[in-house]
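Below is one structure, written out as structure tokens; the observations come after it.
The values are calculated or read from the model by the stated rules, or taken from the named source; none is laboratory data. Please read these numbers as outputs of a predicted model, since none were measured by experiment. Every residue, glycine as well, gets a Cβ built from its backbone with ideal geometry; the counts of neighbours run over all protein chains shown. For the accessible areas, the whole protein counts, side chains as well, though only heavy atoms, and no ligand, DNA or RNA atoms are used. Shrake-Rupley method; radii C 1.70, N 1.55, O 1.52, S 1.80 Å.
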Amino acid sequence: MLLTLIVLALCAVMFAIGKIRSDVVALCALIVLMVSGILTPDEALSGFSNSVVIMMVGLFVVGGAIFQTGLAKMISGRIMRLAGDSELRLFLLVMAVTSAIGAFVSNTGTVALMLPIVVSLAAKAHVNASRLLMPLAFASSLGGMLTLIGTPPNLVIQDALTSAGLEPLSFFSFTPVGLACIVVGTAVLLPLSKWFLDKRADKDKDERAKVKSLEQLVDEYRIADNLSRYTVGHDSKIKGKTIVELDIHNRYGLTVLEVRRETSRQKGLLKSVNQMLAGPHTVLQENDIIYVTGEKESAQRFADEYALLAPVKPTSGADGQGGLDFYDIGMAEIVLMPTSQLVNRRVKESGFRSKYGINIVGIRRKGEYIMDDLADLHLHSGDVLLVQGTWASISRLGNEEEKWVVLGQPLEEAAKVTLDYKAPMAACIMLIMIAFMVFDFIPIAPVTAVMIAAVLMVLTGCFRNVEAAYKTINWESVVLIAAMMPMSVALEKTGASAMISQSLVSGLGAFGPFVLLAGIYFTTSLLTMFISNTATAVLMAPIAMSSATQIGLSPYPFLFAVALGASMCFASPFSTPPNALVMQAGRYKFMDYVKVGLPLQVIIGIVMVFLLPLLFPF
């Protein structure tokens with residue numbers, strides 16, 4: 001028992017200091033318990049096969065797909081219209097919406113669904129995301145107290161009541177308690193999040209300012225000013241011809257940037273977009289969309305001569321990038337080195353197209369932007385070239401640093417581009433997953449529903465590739481939770497849990513029901529920092545029941561104190577999966593949870609000690 005308590009205390013100290021990564025600390029603790037024989041290898045590794053951990057992995061993928069497809073941006077846009085320009089209204093909306101969803105969906109699922117939406121909301125409102133993400137995690141737990149199915153501890157105390165032959169709780173018996181928690185939680189988190197979670201904003205802004213976004217590149221080179229889009233119709237004379245046969249550049253002074261082909265089935269639900277860099281041998285087909293740059297008059301003459309259809313509207317959210325999308329094809333800037341063999345060569349002799357599959361669409365030279373007649377222009381040392389190609393081709397340019405330097409991080413920019421045409425598919429998968437998790441008559445476990453949704457997100461193309469899906473998983477949080485879960489087994493096996501809870505509660509019984517109620521809440525709350533909330537509720541429910549019975553009081557307020565103490569654990573990142581889910585995204589440290597979560601945990605406990613006897617008399 002002593003060794004288990006020492007390991008637990010050392011973990012808490014190392015988490016608080018924050019010098020070593022939290023997942024490494026948790027793994028070291030797990031190894032010590034395993035080597036000392038307190039846990040068997042099967043018990044020590046049980047966390048990695050736990051359904052909650054597997055669900056977390058799947059929910060990271062689902063949340064990543066919601067973000068990647070732009071669905072988060074669409075939903076956040078609607079919420080922003082309600083919030084307006086008010087940061088306060090935005091905070092209140094996040095708390096209210098998250099709490100409402102948390103009443104019917106698991107708090108882990110709620111956070112995974114809302115996380116990309118809230119990140120997008122924060123970006124649109126120019127608010128530091130860290131100020132909203134921890135309140136998001138806490139709101140999911142607060143909302144869980146609204147209904148019987150909102151959180152597992154509620155079901156645990158329901159089972160304790162029915163096992164004792166007492167009247168069971170109804171579905172909405174928890175609602176008054178939950179509403180009080182949400183009101184108190186919102187009032188406390190509003191100032192605390194402002195004081196303690198807003199400190200990273202300036203640093204983040206500085207980091208973002210170092211790299212130009214795709215939208216900034218399009219605006220800087222004024223590509224949109226001379227961009228035209230035309231569709232190859234059924235009667236278009238261009239159909240079946242190649243780019244080289246048309247000789248568009250010499251005849252009209254135009255450059256074909258891209259040829260796009262779109263297919264849509266099931267009323268737009270199954271939609272795919274194929275972007276192709278316009279090469280000399282690209283054969284144009286009916287319904288192809290051609291993107292050309294050059295003078296508008298020349299573009300219109302080209303369209304009239306070949307009977308092209310009128311310019312089409314952007315097929316997705318491309319207006320913010322001057323009418324261009326960057327699903328498969330991207331842009332980047334490269335600086336020509338003095339030692340490059342390309343210096344003093346003409347653009348058409350550079351071999352960018354033949355060797356790298358890259359087009360040069362613009363040149364920045366001594367503050368001047370050159371966009372027209374590039375083919376015969378001689379390249380100079382220090383020229384900044386705006387290049388266009390597939391993301392893979394652009395990333396390969398970084399391998400030849402003796403010739404040029406690639407500015408920014410093209411692959412990171414590619415990861416930011418949303419596949420908006422997949423948003424309807426992502427929305428359907430998300431709604432199906434929620435239905436599986438909410439409705440009991442569907443015989444599918446929540447972890448199964450999440451796994452199905454995660455795999456479907458990948459198979460239906462909501463990610464560029466499987467690697468992109470894996471990158472959305474925050475492995476630090478997953479390993480942290482999986483390694484800390486067996487700690488509860490160690491505490492129970494050595495008798496430490498029973499000793500702590502029984503000694504604390506039995507010692508408080510003589511001081512009256514309010515003190516006993518407070519003791520049960522804070523004991524449960526303390527244990528939940530190191531044991532899963534469900535395991536803590538299972539451990540504490542019979543103790544609370546017997547304590548109430550011994551002094552002749554109703555067990556209802558005491559059992560509610562157990563459910564609250566187990567669910568309202570905010571002072572640690574590994575006490576509940578929602579806390580761990582937002583840790584990396586919000587760039588939080590262990591002490592951030594202590595500064596914000598501990599006061600909230602204590603204040604809710606004090607309020608509930610006086611409120612519970614009013615709702616459920618002793």
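Some points to look at:
- Scanning the stretch 125-184 for residues that are among the aliphatic types (A, V, I, L, M), in a helix (DSSP H, G or I) and closer than 19 Å to Ala544 by Cα returns Met145, Leu155, Val156, Ile157, Ala160, Leu161, Val177.
- In the stretch 77-90, of all residues being within 17 Å of Leu192 (Cβ to Cβ) and surrounded by fewer than 21 Cβ atoms within 10 Å (Cβ to Cβ), the one that is modelled with the highest pLDDT corresponds to Leu88.
- Of all residues assigned to the stretch 529-548, none qualifies as being farther than 30 Å from Thr472 by Cα and among the aromatic types (Phe, Trp, Tyr).
- Some residue of the stretch 597-607 being under 18 Å from Phe174 (Cα atoms) and among the small types (Gly, Ala, Ser): yes
- Within the stretch 563-618, considering residues that are surrounded by fewer than 20 Cβ atoms within 10 Å (Cβ to Cβ) and of a type in the set (Val, Ile, Thr), the one nearest to Ala180 (Cα to Cα): Val607
- If you filter the stretch 186-201 down to residues that are open to solvent by less than 60 Å² (accessible area, probe 1.4 Å) and not in a helix (DSSP H, G or I), you find that the one that is nearest to Phe570 (Cα to Cα) is Leu197.
- With respect to the stated conditions, Phe610 fails to be in contact (Cβ under 8 Å) with a residue 24 or more places away in the chain and outside any helix (DSSP H, G or I).
- Residue-level check: of (1) modelled with pLDDT of 80 or more; (2) loosely packed, with under 13 Cβ neighbours inside 10 Å; (3) among the hydroxyl-bearing types (Ser, Thr, Tyr), Ser350 misses just (2).
- Residue list for the stretch 371-392, restricted to those being surrounded by 15 or more Cβ atoms within 10 Å (Cβ to Cβ) and not in a loop (DSSP other than H, G, I, E, B): Val384, Leu385, Leu386, Val387, Gln388, Gly389, Thr390, Trp391
- Across the stretch 328-347, the qualifying residues are those that are in a strand (DSSP E or B) and closer than 22 Å to Leu214 by Cβ, and the one among them that is most open to solvent (accessible area, probe 1.4 Å) is Val335.
- The set of residues in the stretch 6-33 that are assigned to a helix (DSSP H, G or I), open to solvent by less than 60 Å² (accessible area, probe 1.4 Å) and not aliphatic (A, V, I, L, M) comprises Cys11, Phe15, Ser22, Asp23.
- Residue check, Val119 closer than 20 Å to Ala83 by Cα and not in a helix (DSSP H, G or I): no
- Top-ranked residue of the stretch 34-57 - restricted to ones that are more than 21 Å from Asn533 (Cα to Cα) and touching a helix residue (DSSP H, G or I) at 6+ places or on another chain (Cβ under 7 Å), ranked as surrounded by the most Cβ atoms within 10 Å (Cβ to Cβ): Ile38
- Hey, Ile223 within 14 Å of Met331 (Cα to Cα), touching a residue at least 12 places away in the same chain (Cβ under 8 Å), open to solvent by less than 80 Å² (accessible area, probe 1.4 Å) and out of contact with any Asp or Glu (no Cβ under 8 Å at 6 or more places or on another chain) or not: yes
- The lone criterion from (1) outside any loop (DSSP other than H, G, I, E, B); (2) under 28 Å from the mean Cα position of the chain (by Cα) left unmet by Thr549 is number (2).
- Cβ-Cβ under 6 Å pairs, at least 6 apart or on other chains, the stretch 423-450 side at pLDDT below 80, far side open to solvent by 50 Å² or more (accessible area, probe 1.4 Å) and not in a helix (DSSP H, G or I): Val438/Phe104
- Filtering the stretch 91-104 to residues that are surrounded by fewer than 16 Cβ atoms within 10 Å (Cβ to Cβ) and over 16 Å from Val188 (Cβ atoms) leaves only Ala100.
- Qualifying residue in the stretch 209-216 (condition: at pLDDT below 80, crowded, with 20+ Cβ neighbours inside 10 Å and either part of a helix (DSSP H, G or I) or on the phi > 0 side of the Ramachandran plot (or both)): yes
- Scan the stretch 354-369 for residues that are open to solvent by less than 90 Å² (accessible area, probe 1.4 Å) and farther than 18 Å from Leu407 by Cβ and the total you get is 1.
- Reported count of residues in the stretch 147-185, each being open to solvent by 20 Å² or more (accessible area, probe 1.4 Å), touching a Ser or Thr at 6+ places or on another chain (Cβ under 9 Å), touching a residue at least 40 places away in the same chain (Cβ under 8 Å) and closer than 17 Å to Ala96 by Cβ, is 1.
- Residues that are outside any helix (DSSP H, G or I) and more than 18 Å from Trp195 (Cα to Cα) within the stretch 556-582 comprise Met568, Cys569, Ser572, Pro573, Phe574, Ser575, Thr576, Val582, listed in sequence order.
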